[in-house]
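Chemist: The structure under discussion is supplied below as structure tokens; questions concerning it will follow.
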Amino acid sequence: LLPPGVCNLLNPAAIYANNEISLGDVEIYGFDYDYTLAQYSNLLHSMIFNTARDILIEQFKYPEGLRKYEFIPGFAIRGLHYDVQKSLLMKIDAFHYVQLGTAYQGLKPVPDEEVIEMYGGTQHIPLYQMSDFYGKGPSIKQFMDIFSLPEMTLLSSVTDYFMAQNIEYDQVHLYKDISDAIKDVHVKGMMYKWIEKDMEKYILHGDETYTVLNRLVSHNKKLFLITNSPFSFVDKGMNHMVGKDWRDLFDMVIVQAEKPSFFTDKRKPFRKMDERGSLQWDKISKLEKGKIYKQGNLFDFLRLTGWRGSKVLYFGDHLYSDLADLMLLHGWRTGAIVPELETEIRIINTEQYMHSLTWQQALTGLLERMQMYQDAESKQVLLEWMKERQEIRSLTKNLFNPQFGSIFRTFHNPTYFSRRLIRFSDIYMASISCLLNYDVNFTFYPRRTPLQHEAPLWMDQLCTGCMKTPFLEEMLHIR
């Protein structure tokens, strides 16, 4: 069924547009630091997992038996939801439905019928339970951060231990303790020390970061940095990637910004820092090039710089903390950094994926067209098609991740992560180095993807040459 040349069509280093945007109109480029300017190796996940696990044992007095658990690369994916009351990690689609087969308690999947029973006979999670604007509902949290992969794996590992040992535990306490242990790794600076000690080991593609920033400055673009990380950590990382004069490239550098409240809370003023990282007390009446500022808020930033609207493009990896407020409240253009995109596109480009997807679409079209035949023999054929379709869907899911599949799609719908990605970013890409593949005046045009009423043809009709709208004559009697 595959036309020749259909594989390897997508470029993993391309930039994908949700909204039309011309780089020629962008005068100012802003960046987050972690997982935006600095990409980290997966080795960091194991370090975060092991350290947080040991904090649980040594400080929170959790059982020693937890030490046998190690970080499992590829267990969890970004964008999953966690039901705190049920200790359930799951993937939810854009319409708030749990994708069956992707709900886990501990390290084991929960049978579909049990998941449906847990939610009162439905797969649907109501909006009020799901999440607020920042992905935190009353009892359900969405993990949107790449740093959250160790946290999800630790939650699943500890739950797995308690279930295996038949130990009663309070789900709310478990979630809070693990969340606090993970927070300790970041707040107490442990992660910063590991990275600073061996930058070659942890930081990826540093030379590309330098090339991107240098190219933008050479085309007279203004650059700024807003990060939650401390200055000493950012300074060492940027020295490693860009060189000791890295600050000459930036018009503004703001550290420990406390995003997302930086974008919404007007109360915290900027404070200037000296070269040694000591805070100064003077009132800030202008933001000067080459100076370092701590905290502050976006309202003062806009007032002092005058940088407003669509001439500003800000890049970040966290859809809620980095991008949502900027797009919805302040009208900046936004770019999402999604490192997983590169791997997923390489999978989509394989012949195995294309064959599975094409045949799945063909079967779906056949099921839709032939469902009016209800004699015993036809019903049997329809059942066989449905079974085969389900097998192919599972096979396709497993190509991405055996537990949860793609971060962008459930079996047929976009994921909740995809929905937010489309809503909060004008463009998205695997890394900022993708900018090097485009002219600084390039215009991105989103593809016109067909709405359901614009696309009457299923893959089976395209493949069999039947180009008319399906079974219109047969459906006349319905009217």
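Chemist: In the stretch 392-404, which residues are of a type in the set (D, E, K, R) and either under 23 Å from Thr153 (Cα atoms) or not in a helix (DSSP H, G or I) (or both)? Break it down stepwise before answering.
Modeler: Step one: of the stretch 392-404, the residues of a type in the set (D, E, K, R) are 393, 397.
Listed by number, the list holds a single entry, Lys397.
Chemist: Out of everything in the stretch 179-208 that is β-branched (Val, Ile, Thr) and part of a helix (DSSP H, G or I), what residue ends up being most open to solvent (accessible area, probe 1.4 Å)? I'd like the intermediate steps shown before the answer.
Modeler: So the first thing to find is which residues in the stretch 179-208 are β-branched (Val, Ile, Thr), and the list is 182, 185, 187, 195, 203.
Adding the requirement that they be part of a helix (DSSP H, G or I) leaves 182, 185, 187, 195.
On the way: Ile182: 9, Val185: 0, Val187: 112, Ile195: 2 Å².
The extreme case among them is Val187.
Chemist: Give Asn349, Asn297 a once-over and let me know the one that is within 18 Å of Ala14 (Cβ to Cβ), surrounded by fewer than 22 Cβ atoms within 10 Å (Cβ to Cβ) and not hydrophobic (A, V, I, L, M, F, W, C).
Modeler: Every option except Asn349 fails the conditions.
Chemist: Pick from Thr211, Thr159, Thr153: which is open to solvent by 30 Å² or more (accessible area, probe 1.4 Å), β-branched (Val, Ile, Thr) and either at pLDDT 95 or above or assigned to a helix (DSSP H, G or I) (or both)?
Modeler: Exactly one of Thr211, Thr159, Thr153 is open to solvent by 30 Å² or more (accessible area, probe 1.4 Å), β-branched (Val, Ile, Thr) and either at pLDDT 95 or above or assigned to a helix (DSSP H, G or I) (or both), namely Thr211.
Chemist: Just name the residue that is nearest to Leu100 (Cα to Cα) out of those in the stretch 355-391 that are among the aromatic types (Phe, Trp, Tyr) and assigned to a helix (DSSP H, G or I).
Modeler: Trp385
Chemist: Sort out which residues of the stretch 424-451 are part of a loop (DSSP other than H, G, I, E, B) and aliphatic (A, V, I, L, M), and write them in order of number.
Modeler: Restricting attention to the stretch 424-451, the residues satisfying the condition of being part of a loop (DSSP other than H, G, I, E, B) are 425-426, 430-431, 438-442, 445-451.
Answer for the stretch 424-451, where residues must be part of a loop (DSSP other than H, G, I, E, B) and aliphatic (A, V, I, L, M): Ala430, Val440, Leu451.
Chemist: Provide a single number: the residues in the stretch 301-345 that are surrounded by fewer than 18 Cβ atoms within 10 Å (Cβ to Cβ) and charged (D, E, K, R).
Modeler: 4
Chemist: Looking only at the stretch 126-141, decide whether some residue is part of a helix (DSSP H, G or I), without any contact (Cβ under 8 Å) to a residue 40 or more places away in the chain, closer than 30 Å to Leu328 by Cβ and among the aromatic types (Phe, Trp, Tyr).
Modeler: Scanning the stretch 126-141, I find at least one residue that is part of a helix (DSSP H, G or I), without any contact (Cβ under 8 Å) to a residue 40 or more places away in the chain, closer than 30 Å to Leu328 by Cβ and among the aromatic types (Phe, Trp, Tyr), so the answer is yes.
Chemist: Got a number for residues in the stretch 163-178 being assigned to a helix (DSSP H, G or I) and touching a helix residue (DSSP H, G or I) at 6+ places or on another chain (Cβ under 8 Å)?
Modeler: 4
Chemist: Every residue in the stretch 361-389 that is under 18 Å from Phe411 (Cα atoms) and of a type outside the set (Gly, Ala, Ser), please. Walk me through it before giving the result.
Modeler: Just the residues of the stretch 361-389 that are under 18 Å from Phe411 (Cα atoms), to begin with: 361-368, 385-389.
If the condition is that a residue be under 18 Å from Phe411 (Cα atoms) and of a type outside the set (Gly, Ala, Ser), then Gln361, Leu363, Thr364, Leu366, Leu367, Glu368, Trp385, Met386, Lys387, Glu388, Arg389 are the ones that fit.
Chemist: Considering only the stretch 392-405, I want to know if a residue exists there that is over 30 Å from Phe444 (Cβ atoms), surrounded by 13 or more Cβ atoms within 10 Å (Cβ to Cβ) and more than 25 Å from the chain's Cα centre (by Cα).
Modeler: Yes, the stretch 392-405 contains a residue that is over 30 Å from Phe444 (Cβ atoms), surrounded by 13 or more Cβ atoms within 10 Å (Cβ to Cβ) and more than 25 Å from the chain's Cα centre (by Cα).
The values are calculated or read from the model by the stated rules, or taken from the named source; none is laboratory data. No experiment lies behind these values; they were computed from the predicted model shown. In this analysis, Cβ positions are derived from the backbone assuming ideal geometry, glycine residues included, and neighbour counts consider all displayed protein chains. For the accessible areas, the whole protein counts, side chains as well, though only heavy atoms, and no ligand, DNA or RNA atoms are used. Shrake-Rupley method; radii C 1.70, N 1.55, O 1.52, S 1.80 Å.
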